[in-house]
Structure formats: C-alpha cells, structure tokens
Amino acid sequence: MSATRAPIDRLAHERAFWTAHPGALLAGVDEAGRGCLAGPVVAGAVEITEAEIAALAEGPLAMANDSKQLTPAQRERVFETLTHHPSIRWGVGSASAAEIDRINILNATHLAMRRAVEALPRLPAHALVDGLPVRRLCVPHTALVKGDAHSLLIACASIIAKVTRDRLCQDLEAAYPGYGFAQHKAYGTKAHLEALRRLGPCPEHRHSFAPVVACAQLDLDM
C-alpha cells in the first residue's frame, strides 16, 4: 500500500514571508499565454493581506488552484471573487504580439509581469512569482517553480491572467474569424496549425515563432 501524500500547504510561502516581515504587503504573480502562437502574453498580480488571507483561503478562495487544474466555469467563479471582493487587490499586465517579436518571449513575459505588479493599487514589499526569477521586476521577489500549485497568491494570479487572456481570445475570434481562437486560445493545436496553413498568419500572430514562420514561408513559396 502506497503512503498517502500530505496535502500541500498553499499558504506556507506566504506565512514564511510574514514571519520575517509581519504585516508587509505581499503579492503573487503569474502569466498565461507564453506558449501560444498569437496574441499577447498576459500576467496577473494579486495582493491579499496577512490579516485576511487565511479566512479567504478557507472560504471564497478554497477552490483557487493552478488555473490549468480548474474548469473554465471554476476559473470564472474564482475570477469574479478575486475581482470583486473588497479585501483583494489585483492588477493585469500584458505584452503584445509585436512586443514579443521585438524583444523575445522571455523578455516580453517579464515585461508583462512587471506591468501587472505596477498596475496594483499599491506596490507590495515583496512578490511570489511562478517559475524562475524575473528580470527588472519592480519589487524584490521569490521565484517558485510550480508556484501556482504551492502558493495561494500565485494561484490567484494565475487565474487572473488565464481568464483575462481567454477573454482576449474571444476578441481575436471576432477580429480574425477562421482561426478558431475562441476554441484553442491561440495554442498550437492541430486545428490552429491547419488554419494557419490555409489562411496564413494574421497581424496578431507571433511572427518570430517557428510554426508561424513556417506558414508565412509557405505563402511566399506559393
């Protein structure tokens, strides 16, 4: 019989920070859309104070988790809580497809994260960031690999970023019909690649990404 894995304490990193810095403002930061072939990369930032976070984690935010582990309906439900609860502060930042092509996806992701933190009502004393360290982030931060599964604040930021970007893909669907943006959210699915080959890239495609380059080259060769 295998041992039962202990549940993850999603507030462990938050508590560790507040043990060293009681009452200081802490934010979680995450991105969505880094691996997509079109549209912006979007980042979310969420602040919840030390005094408020435990009650929210056990109540309205009990469902909050890595956005990829939630259904669209669950993400929308948590998003509504995050964006309307009076004790939660949040911000969104993005970097456009043109910026991604100009400065590369890593730098654009860091730019979106910086913009999300700067969009908060108050700059935090520190941030918990999903993944690896972020260049030129405007506040000190701790990078956590798979942070959206281990930190409530990062999970909340993940949901802000994901829902915001999914809604932007609905706009892309209306502006550029035929690609199926509303369905695949601009990821490199079979349907998306087939549409790219059939229609060629649109202005919102990331023209520095290899699958888009290949389809653009097909147009030139025809």
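The values are calculated or read from the model by the stated rules, or taken from the named source; none is laboratory data. None of the values given here were measured: they were computed from a predicted structure. For neighbour counting, all protein chains shown are included, and Cβ atoms are generated from backbone atoms with ideal geometry for every residue, glycine included. All accessible areas refer to the heavy atoms of the entire protein, side chains included, with ligands and DNA or RNA removed. Shrake-Rupley method; radii C 1.70, N 1.55, O 1.52, S 1.80 Å.
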### Query
Can you tell me the accessible area per residue over the chain, all protein chains present, probe 1.4 angstrom, in square angstrom?
48 Å²
#### Entry: W90 long-range amide H proximity, modeled H, under 5 Å
E47
### Query
Which part of the stretch 148-170 falls in the paramagnetic zone of T83, meaning amide N under 20 Å from the point 7 Å along Cα-to-beta-carbon?
153-170
### Summary
Scattering profile of the stretch 95-192 from the Debye formula, Cα beads only, expressed as log10 I(q)/I(0) at q = 0.12 Å⁻¹, is -0.47
### Task
Would you kindly compute the Cα radius of gyration of the chain and its largest Cα-Cα separation (Dmax), both in Å?
18.6, 64
### Message
Nearest 500 deg cm²/dmol is fine: what mean residue ellipticity at 222 nm does the chain get from its DSSP H runs of n ≥ 4 alone, each adding -39,500 (n - 2.57), divided by its residue count?
### Response
-14000 deg cm²/dmol
### Separation of the R15 and A143 label points, Cα + 7 Å toward Cβ, nm
2.7 nm
### Task
Can you tell me the order of 154-161, 206-213 when each peptide is scored by its average per-residue count of other Cβ atoms within 10 angstrom, highest first?
154-161, 206-213
### Query
Can you give me the Cα centroid spacing of the stretch 84-108 and the stretch 50-67 in angstrom?
23 Å
#### Entry: For the stretch 112-161, convex hull of alpha carbons as volume per residue, Å³
74 Å³
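Can you give the convex hull volume per residue for the Cα atoms of the stretch 135-201, as a whole number of Å³?
On the way: hull volume 9.4 nm³, N = 67.
Convex hull of Cα atoms, per residue: 140 Å³.
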### Query
Under 18 Å Cα-Cα from K162, which lysines qualify once same-chain neighbours fewer than 8 residues away are excluded?
K68, K146, K185
### Query
Can you run phi through the Karplus equation (6.51, -1.76, 1.60; θ = phi - 60°) for the stretch 103-109 and list ³J(HN,Hα) in whole Hz, with x for Gly and Pro?
10, 5, 5, 5, 5, 5, 4
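Hey, any idea what Rg/Rh is for the stretch 1-98, computing Rh the Kirkwood way over Cα pairs?
Values: Rg = 15.7 Å, Rh = 15.5 Å.
Rg/Rh for the stretch 1-98 comes to 1.02.
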